[in-house]
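Novice: Take a look at the following structure, please.
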Amino acid sequence: KQEVTQIPAALSVPEGENLVLNCSFTDSAIYNLQWFRQDPGKGLTSLLLIQSSQREQTSGRLNASLDKSSGRSTLYIAASQPGDSATYLCAVGGFNKFYFGSGTKLNVKP
Amino acid sequence: EAGVTQFPSHSVIEKGQTVTLRCDPISGHDNLYWYRRVMGKEIKFLLHFVKESKQDESGMPNNRFLAERTGGTYSTLKVQPAELEDSGVYFCASSQEQLNTEAFFGQGTRLTVV
């Protein structure tokens, strides 16, 4: 059974810092991995999708990497802004479902 | 293009009552998924439709939960009778293909059973 862990559970940084969010999973036989953000009371917004054959994906200030063999993914956020404050969720793609981590709650202080 | 839409956004019902949640996927998305998060735990899979067919309902907690997707468009998730432990946020997602395509989630329905 796939287990997904996200570290840290919460993170508070000053504006402008570069930061890394971590996601680890126990079963390397995955189809893809998707990073989401969730704002309070809102749904999940897709940030990046990495296919199992890919090593990384970039979108703007966001870069996500995937190392299947070690069961790890990282989400790198460059030059963080207060608007980046949200909960970030890692979802590991199985055959027909995602396995979610508990999320990292990020607070970027002005 | 409209995203995944869920109704209602909030529902408060008494134990023993029935509640029906609705999900409208993105137009053209054959794959529709239901997930839920209860009591601050991880979001967990409930079931997966391809068009109107249930492909996997291994995550459904028990037979008090019934999901349908008549005509392969919108889906409903009925809880009957509701219990206190059913409280949580129910998310719907859709994707164009089953594998290796981006999944889009709705805003969720927050269900509170009192």
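The values are calculated or read from the model by the stated rules, or taken from the named source; none is laboratory data. This is a predicted model, so every value here is computed, not measured. All Cβ positions, glycine included, derive from the backbone under ideal geometry; neighbour counts span all protein chains shown. Just the protein is used for accessible areas: all its heavy atoms, side chains included, with ligands, DNA and RNA removed. Shrake-Rupley method; radii C 1.70, N 1.55, O 1.52, S 1.80 Å.
Novice: Just checking, which of A:G41, A:G60 is at positive phi, of a type in the set (G, A, S), within 14 Å of another protein chain (Cβ to nearest Cβ) and open to solvent by 40 Å² or more (accessible area, probe 1.4 Å)?
Specialist: Criteria check complete, one pass: A:G41.
Novice: Would you kindly identify the strands (runs of 3 or more DSSP E) lying entirely within region A:11-52 that contain at least 3 residues that are farther than 16 Å from A:T87 by Cα? I'd like the intermediate steps shown before the answer.
Specialist: On the way: elements: A:19-25, A:32-38, A:44-51.
Filter on region A:11-52 gives A:44-51.
Novice: Would you list the strands (runs of 3 or more DSSP E) that sit entirely within region A:67-110 and hold 3 or more residues that are in contact with a Gly (Cβ under 9 Å, 6 or more places away or on another chain) and either among the small types (G, A, S) or in contact (Cβ under 8 Å) with a residue 60 or more places away in the chain (or both)?
Specialist: In region A:67-110, A:86-93 are the strands (runs of 3 or more DSSP E) which contain 3 or more residues that are in contact with a Gly (Cβ under 9 Å, 6 or more places away or on another chain) and either among the small types (G, A, S) or in contact (Cβ under 8 Å) with a residue 60 or more places away in the chain (or both).
Novice: Check region B:43-53 and report whether any residue there is among the charged types (D, E, K, R), modelled with pLDDT of 95 or more, within 15 Å of B:S9 (Cα to Cα) and open to solvent by 70 Å² or more (accessible area, probe 1.4 Å).
Specialist: no
Novice: For region B:11-114, give me every one of the strands (runs of 3 or more DSSP E) that falls completely inside it and has 1 or more residues that are closer than 22 Å to A:S46 by Cβ, within 14 Å of chain A (Cβ to nearest Cβ) and of a type in the set (V, I, T).
Specialist: B:44-50, B:88-95, B:109-113
Novice: Kindly indicate the residue of region B:1-19 that is open to solvent by less than 70 Å² (accessible area, probe 1.4 Å) and not hydrophobic (A, V, I, L, M, F, W, C) and also modelled with the lowest pLDDT among those meeting that condition.
Specialist: The selected residue is B:G3.
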